[in-house]
Structures are given as C-alpha cells and as structure tokens.
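First up is the structure itself, then whatever we jot down about it.
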Amino acid sequence: MLKTRIITAIVLLAVLLPVLYWGNPIAFAVVVTVFFGAAIWEGFRLFNPDSTRAVAVSLAWSAAFCYAFFLADPARSLFWFAISALIWLLRLTPSLKIGLPPFASSGNTMLSLTYAIALVACFAAIVALFRHSPLFLLSVMALVWIADIGAYCAGKAFGKRKLAPTISPGKSWEGAIGGGVAVLLLATLSVLAGGEVPGAWFADTFVVHVQQRLGWAALFAILVVISAASVVGDLFESQLKRRAGFKDSSKLLPGHGGVLDRIDALIPVLPLAALVDTWL
C-alpha cells in the first residue's frame, strides 16, 4: 500500500510541477479541467450513489468550467470566492452538527448543488492564485498540508478529546490545535526567513504578502481561520463518505483514494485565500 502511494505521488508530481512551471496555459487549463471533472464526478457519486448520470454530469460541468474560467472573462471570479465563503459559513459547516438530508430528498439535491458550487470556487481559486504565480498557489496549498501533518503528529502524541466522533473518530481537538500551531510557526519562520528581502525565495508567498500589507495580527487571524477551514473541509467530505458507505471518494489515485480525498481540506481554503488576495 505504501509503495503504491509513493508511486502515485511521484507520478502526480511529475505531471503537476512541469505544468505549473512550464508556462503553457493550454496544458494548465487541460489539467485543471480534468481534475475538476473528476472532483465533480466523485461528488455526484457521494450524493447519488445509485445514479448512472455521474459521467454526463461531470462532462457538462467541466465544459462550463473550462469556458467560464479559461475562455471567457475571468474577472467574475471574485463572486465565486465570496459565495464560497458564505456557503461554507451558512450551509456546509452547520451540516457537521445537524447532519445530512436523506438521499431521496430535495434537501440532498440542493446540498449537492451547493457543494458543486464550492468545487467551482475551489478550482476557480486555483486558476486565480496560479495567475498570481505558481509559487503563490503552492504556498497556500502548503498551509493546508502543514496543518494536516501537524494535526496528525499532535493527534498521535496528545489526542484525547474527539473532534467529531460520529464523522471521523480518529481526529481530536488536540490534533486540530496542533495543526494550527504548526501553521503559525512555519508561517512566521517563512516571513522572517525572507519576507523583508526583495527577490527572496519566500517573498512571493501568501503569508509574506498578507504580513507586509496587513501586519502580524491580521496574518495570525487569517491563518487561524484557514486552519479551521481546512479541518471543516476534511470533516465534511468524511461525512459525505460515511453517509454513502464509501471508504474513499473513488479509486482514481491508487493508494490515495480519489481527487476529493486529496483536496477536501483545500476546497474551503483556496477560495478564502483568493478572496484575501483580492483585498491586497
């Protein structure tokens, strides 16, 4: 299993890193649209496990996404970032407490459309952050990866109080707090390591931009929100999988599960970071 995970990770890096730094907009558009279509396909299956329309739905959404964010005017992206924040705040996060509607209900249909909009916003944010720079996009993603690794290590070492026992029994409050602390520490080091030096490697990262424009207090507040949002995104997808009886969102990525399993924590975070970036 570990060998399969490593091989898949190497293949993904071999594809994604050249696409990010090659400077070919067509290759970037193709890769992003393919991954978006896979995410929509997986999401549709989680909301409609018995449906046979998942492929058709994902193709339709992929075509619309490609047109809206690569062929038409991308200036409307701000709308998607703002609506994503509202969706997570008012609908998806409360679902962790109140639960999910039955499959055969209008509530399930509305929630599936809401989650699809959140996915559109996530991938629109990928496009927007990439247009800032590949490093800027990766620096936001790294915050989520750091939070995840920090939460795992802190949870293993100190975890006692379950964060959401009915959704993801392995997650603890101590782990979530540890992940947030790891993000704050490494972000601080990033700023101190090169934030004040023009042309330094860290100069074009998200945390450095926020700190230079808004100060330390605002940076820490935004990072706390981002860390919390990453936990919520992870838990919401776990809730969907538990209701559908799925271990993974799919088997598209051997050893890793599906696309949603890899980006669940990024779905609320990337639009939020893109929204902050527009303010800067």
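Each value in this text was obtained by applying a stated rule to the coordinates, not by laboratory testing. Bear in mind that the values here come from a model prediction, so they are computed numbers and not experimental data. Positions of Cβ are generated from backbone atoms using ideal geometry, with glycine treated the same way; all protein chains shown enter the neighbour counts.
Overview of results
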{"item": "CD proxy at 222 nm, helix term only [per DSSP H run n ≥ 4: -39500 (n - 2.57); per residue of the chain; nearest 500]", "result": "-24500 deg cm²/dmol"}
{"item": "Residues with amide H under 5 Å from that of Ala164, placed H, sequence gap 5 or more", "result": "Lys171"}
{"item": "Per-residue HN-Hα couplings for region 30-37 [Karplus 6.51, -1.76, 1.60; θ = phi - 60°; Hz; x = Gly/Pro]", "result": "5, 5, 4, 5, 5, 5, 4, x"}
{"item": "Candidates Tyr21, Tyr115, Tyr152, ranked by Gaussian network fluctuation over the chain, Cα under 10 Å, top entry", "result": "Tyr21"}
{"item": "Phi to ³J(HN,Hα) by Karplus 6.51 cos²θ - 1.76 cosθ + 1.60 over region 171-181, Hz, x for Gly, Pro", "result": "8, 10, 4, 4, x, 4, 5, x, x, x, 5"}
{"item": "Ranked packing of 256-265, 215-224, most packed first, by mean Cβ within 10 Å", "result": "256-265, 215-224"}
{"item": "Largest to smallest principal axis extent of the C-alpha atoms in the chain, angstrom", "result": "56, 50, 41"}
